[in-house]
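Before any comments, here is the structure.
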Amino acid sequence: MLAERTLEVKGMSCGHCKMAVSGALKELDGVSDVDVDLASGKVDIRYDENKVDFLQMKDAIEDQGYDVVK
């Protein structure tokens, strides 16, 4: 079942940041779509909740050097 979640991420400031976060999330099995808004620091994720969970997404972002606020 597809779900949507918006995460608030600190530390993103440029196109490279956007690509790093988006790329890390898209590598996770079950993530189908990622939209990163640098201005607001929000990352919208569409994913299959049977394949991937919040902690996996949080870890993928934090592994890139960014902080997930919520």
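Among what's in the stretch 10-32 and is assigned to a loop (DSSP other than H, G, I, E, B) and among the hydrophobic types (A, V, I, L, M, F, W, C), pick the residue that is nearest to residue 52 (Cα to Cα). Among them, the one singled out is 28.
Annotation note: Cβ proximity below 8 Å between a residue of the stretch 1-19 that is more than 22 Å from residue 32 (Cβ to Cβ) and open to solvent by 90 Å² or more (accessible area, probe 1.4 Å) and a residue that is assigned to a loop (DSSP other than H, G, I, E, B) and of a type outside the set (Ser, Thr, Tyr) (sequence gap 6+ or interchain) occurs for 10/41; 10/69; 13/38. Being within 16 Å of residue 58 (Cα to Cα) and either at pLDDT below 95 or in a strand (DSSP E or B) (or both) is true of residue 7.
The values are calculated or read from the model by the stated rules, or taken from the named source; none is laboratory data. Because the structure is predicted, anything quoted here is derived from the model rather than measured. Using ideal geometry, Cβ is built from the backbone for each residue, glycine included, and neighbour counts are taken over all protein chains shown. Areas reflect the complete protein model, heavy atoms only, side chains present, ligands, DNA and RNA absent. Shrake-Rupley method; radii C 1.70, N 1.55, O 1.52, S 1.80 Å.
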